[in-house]
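Written out below as C-alpha cells is the structure these notes cover.
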Amino acid sequence: MESMKQAKIEWQHGQPVNQQFEDIYFSRQGGIAETEHVFLKHNGLPERWLDCEQFVIAETGFGTGLNFLITLRHWLDSAPLHARLYYFSVEKYPLSRTDLLQALSVWDDYQDLVDQLLAVYPPAVNGFHPMRFCQQRVTLVLMLGDVETLLSQMNASVDAWYLDGFAPGKNPDMWSKQVFQQIAAHSHPDTRFSTYTAVGDVRRGLRDCGFDVSRVAGFGEKREMLTGVMTAPQRPKTTMPWFYPPHEKSKAKRVAVVGAGIAGVMTAWSLANRGWQVMLIEKHASLAQEGSGNPLGVLMPRITLDQSVEGEFYASAFFVMVNLLNQIKRADDSFSWQQQGVLQLASSERIKKQIQKIDLPDDYVCAVSAQQASDICGLDIATEALYFKQAGWFRPEDLCQRLLAMQVGNIQLHSHTEVTRLSHDQSDWQIMCADHKVFNVDAVVLATASQVSDFQQTEFLELQTARGQISYLPSVQQSRKLKCAVCYDGYILPSTDEQHVVGATFEPDISSLEMSLDGHVKNLESCNQWMNNLFPNIDITAVQGRTGLRATTTDRMPIVGAVPDLEFYQAEYHDLYKGRAENVYPEARYLPGLYVNVGHGARGLTSSLLCAEIIAAELNAEPVCVSNNVQYALHPARSVIKKYKKGK
C-alpha cells in the first residue's frame with residue numbers, strides 16, 4: 001500500500017485553508033448554516049428520511065467532517081429510531097487528527113459528536129473505512145483516495161449527494177465527466193443532489209448524466225448554487241456479474257449461526273444489532289473453544305507494499321476491530337484488551353523489504369531501528385522491526401462473552417449441539433443435529449472453519465488445515481520487563497499471571513490436536529533466537545500449552561459471503577476462458593439464505609468483525625461498506641471462477 005498525502009492546512013483568522021487548492025473548507029458566514037442551506041435543505045432533508053428504514057448519503061470531499069456532523073445531529077433529532085443512515089464520503093487529502101480537532105473546536109454545540117468522530121478517525125490509509133455511531137444507527141464510510149476510483153468501487157444506491165469538493169477551477173478532478181458518470185451510476189429515479197457551485201460545466205455535466213438541474217439561491221455572498229433530481233437513470237456497466245451479491249432480504253429475520261468461535265460470535269452479534277433473532281449453535285460446551293480458544297491473541301494487520309486488495313482489506317478490518325475493542329474498553333476497563341503496540345521483527349525477507357520501503361502513516365505502522373525496538377518493548381532487540389502503535393492483544397473468549405451479553409435478548413446460544421446436515425425447502429432452512437434436534441430458520445451462516453466442507457452445500461470450498469501449538473513459558477526476572485507483543489516467525493506476549501503465551505507452530509495438513517514436546521521445543525528455540533536468549537534455563541518437559549487448528553486459504557483471504565448455486569455457475573460461467581464480454585453473462589445466483597464466514601487463518605482476530613459486517617449487510621439488504629474489489633476477493637466462488645477462466 002502507498003501512503004496518502006494529508007491536507008496541508010494554513011490557519012487564517014482561525015479558519016482552515018487548504019494550501020494545495022488555496023480554498024476554504026467552510027463559509028466565513030457560518031459553516032453550519034451553509035451546510036444546512038446547501039446540502040440539507042436542497043436535498044429535501046430531513047423530510048425525506050422521516051418515514052424510511054435506511055437512507056444513503058454520498059459526499060465528494062469529507063474535509064473537516066462538518067457536513068457529516070451536522071447531518072448526524074439532524075438524523076438523531078428527527079429520524080425514526082429503527083432507521084439507519086449510511087454516509088459515504090470521499091477524501092483524497094484527509095486532515096490530520098490534530099488539524100481536524102482544531103478545525104472543529106469552534107463548534108461548541110457539536111463537541112460530543114466531534115469527540116465520537118475523533119475516537120474512530122483512521123490514519124491516512126487508502127481504502128474504505130467504516131465507522132459506527134450512536135448504537136449502530138449511523139455508519140460513516142470514509143473512502144480515502146481518488147474520487148473516480150473509489151466511487152467506481154462503491155456498492156450503494158445513493159438517495160442524496162453532497163457535491164462538496166473544492167472549487168471546480170481549483171480542483172477539476174473532483175468535477176470531471178467520469179466522476180459525474182459514477183454519480184449517475186449510483187443514483188436511482190428519486191436521487192437528489194446539491195452543490196454550492198453554479199459553474200456551467202458542472203451544470204451541463206450533471207444534466208448530461210440524467211439529472212434535472214436547477215439554479216437556486218446560494219448561501220451568504222454566493223448568488224447561485226445548483227440542485228437537482230435524477231430523471232433518467234443509467235444502467236451501470238456490467239463488470240464481473242459472477243461476483244454480484246444477492247438482492248434478497250428476509251422479512252422474518254431468523255438466522256442460525258453455526259460455530260461459536262470468534263467469526264461465529266461476530267456474525268451473530270452483527271446480525272443481532274440489526275434486529276435479527278439469532279440461534280448460535282456450538283458443538284462444544286462453551287464459546288471460543290477451537291481456533292479461537294487461545295488464552296490471549298494478537299491483533300495486528302497484514303500490510304503489503306503494493307496497492308493490493310489484501311492490504312486494503314486488512315487495513316479496513318484492523319481499524320474496525322480496534323474501534324470496537326476501544327469502545328468496550330472505555331465502557332469497562334476490566335476488559336482484557338491491551339492496546340500497547342506490537343513489534344514485528346525482521347524475521348523474513350518479506351518483512352525486511354517492508355521495513356526498507358514502508359510508506360504508510362506512522363500512526364498505522366512505522367519502521368524502527370533495533371535500538372528503538374528495544375526501547376519500545378523493554379528488552380534487547382538485535383534487529384530492525386515494524387511497529388504497529390494501535391495494535392495489541394486480548395482474550396478472545398472475553399470478547400465473545402461480552403458481545404453475547406450486549407445482545408442477550410437477540411442471541412440464543414445452543415451449546416453441546418452438533419449440526420450434521422442442512423436442507424432447504426421453498427421457504428426455510430432445516431438444520432439437523434446429532435441429538436435429533438431440528439431447527440427451522442430463514443438463513444444460515446456457517447462459521448465452522450475447515451469443517452465447512454462437511455456440508456454438502458459447501459464441500460467445494462478450498463480450505464487447508466494447519467495445526468498450531470502455543471506454549472506457556474514461566475516468567476523470569478528479565479522477561480517481566482516485556483511491555484508489548486513481539487512477533488517474529490512466532491510471537492511472545494507480556495507476562496500475565498506469571499507466564500508468557502509463546503507461539504505458534506505452523507504444521508500444514510495435520511489435524512491431530514495432541515500436544516507435542518517438539519512443538520514446545522520449536523516455540524522456545526524461536527523465542528530465544530529472536531529475544532536474546534530470554535529463557536536460558538527452561539525445563540521444557542514441564543511446559544504446558546495448547547493446540548488448535550487453523551483453516552487457511554492459498555491467497556490468505558477469508559471466504560465470506562453467500563454460497564453460490566454451483567449448477568447455475570457451471571451452466572452460465574463455464575466458458576469464461578473464451579474471453580467473451582462480461583455484459584453477456586447473467587448476474588450470479590446463490591443458494592437462498594446460506595452464507596459462510598471461514599478461512600481466517602492466523603488473522604481471524606483482525607478479519608472476523610469486518611467479514612461479519614459484510615454478511616450482515618448482505619442479509620439485511622444494506623449498502624456494503626467495503627470496496628467491490630474487497631468483496632469480490634472474499635467471494636466464496638472465487639476459486640470456481642478462477643478455474644473456469646483457465647478452462648478447467
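The values are calculated or read from the model by the stated rules, or taken from the named source; none is laboratory data. These numbers come from a predicted model, not from an experiment. Positions of Cβ are backbone-derived with ideal geometry, glycine not excepted, and every protein chain shown enters the neighbour counts.
What do you reckon, is Ser423 under 28 Å from Leu296 (Cβ atoms) and out of contact with any Lys or Arg (no Cβ under 8 Å at 6 or more places or on another chain)? Spelling it out, it is not the case that Ser423 is under 28 Å from Leu296 (Cβ atoms) and out of contact with any Lys or Arg (no Cβ under 8 Å at 6 or more places or on another chain). Determine if segment 579-602 includes at least one residue that is buried (at least 19 other Cβ atoms within 10 Å of the Cβ), on the phi > 0 side of the Ramachandran plot and in contact with a His (Cβ under 6 Å, 6 or more places away or on another chain). No.
Every test in (1) in contact with a strand residue (DSSP E or B) (Cβ under 9 Å, 6 or more places away or on another chain); (2) closer than 22 Å to Leu69 by Cα; (3) part of a helix (DSSP H, G or I) is passed by Asp115 save one, and that test is (1). Selection within segment 439-461: residues that are among the acidic types (Asp, Glu) and touching a strand residue (DSSP E or B) at 6+ places or on another chain (Cβ under 9 Å). The member of this set that is farthest from Ile559 (Cα to Cα) is Asp442. Does segment 560-573 contain any residue that is assigned to a helix (DSSP H, G or I) and more than 32 Å from the chain's Cα centre (by Cα)? Yes: one or more hits. Any residue in segment 62-77 that is in a strand (DSSP E or B), buried (at least 21 other Cβ atoms within 10 Å of the Cβ), assigned by TED's automatic domain parsing to the domain that holds Val114 and not basic (Lys, Arg)? No, the conditions are met nowhere in segment 62-77. Taken over segment 119-140, residues that are farther than 16 Å from Asp359 by Cα and either assigned by TED's automatic domain parsing to the domain that holds Ala617 or of a type in the set (Val, Ile, Thr) (or both) amount to 3.
Only one entry in Ala317, Ala268, Ala285 is closer than 30 Å to Trp161 by Cα and not in a strand (DSSP E or B), namely Ala317.
Would it be correct to say that Gly264 is at pLDDT 90 or above, under 21 Å from Leu591 (Cα atoms), of a type in the set (Gly, Ala, Ser) and under 21 Å from the mean Cα position of the chain (by Cα)? So Gly264 fits the description; yes.
In this structure, Gln102 does not qualify as free of Cβ contacts under 8 Å to residues at least 12 places away in the same chain, surrounded by fewer than 18 Cβ atoms within 10 Å (Cβ to Cβ) and more than 23 Å from Lys237 (Cα to Cα).
When segment 453-505 is filtered for residues that are aromatic (Phe, Trp, Tyr) and surrounded by 17 or more Cβ atoms within 10 Å (Cβ to Cβ), the ones remaining, listed by number, are Phe455, Tyr472, Tyr488, Tyr491. Scanning segment 178-193 for any residue that is among the basic types (Lys, Arg) and out of contact with any helix residue (DSSP H, G or I) (no Cβ under 8 Å at 6 or more places or on another chain) turns up nothing. Against the test of being among the hydrophobic types (A, V, I, L, M, F, W, C), under 31 Å from the mean Cα position of the chain (by Cα) and surrounded by 15 or more Cβ atoms within 10 Å (Cβ to Cβ), the options Leu150, Leu206 yield a single qualifying residue, Leu150.
Just one of (1) over 28 Å from Ala617 (Cβ atoms); (2) modelled with pLDDT of 95 or more fails for Asp109. It is (2). Pro361 meets all of the listed conditions (1) in a loop (DSSP other than H, G, I, E, B); (2) under 29 Å from Val278 (Cβ atoms) but one, namely (2). When segment 619-643 is filtered for residues that are more than 23 Å from Thr149 (Cβ to Cβ) and either in contact with a Pro (Cβ under 8 Å, 6 or more places away or on another chain) or not in a helix (DSSP H, G or I) (or both), the ones remaining, listed by number, are Asn620, Ala621, Pro636, Ala637, Val640.
Being outside the structural domain of Leu482 (by TED's automatic domain parsing), farther than 24 Å from Arg97 by Cβ and crowded, with 22+ Cβ neighbours inside 10 Å narrows it down to one residue among Val309, Val298; which is it? Going through Val309, Val298 in turn, the sole match is Val298. Looking across Ser316, Ser336, one residue alone is within 20 Å of Leu144 (Cβ to Cβ), among the polar types (S, T, N, Q) and surrounded by 18 or more Cβ atoms within 10 Å (Cβ to Cβ). It is Ser316.
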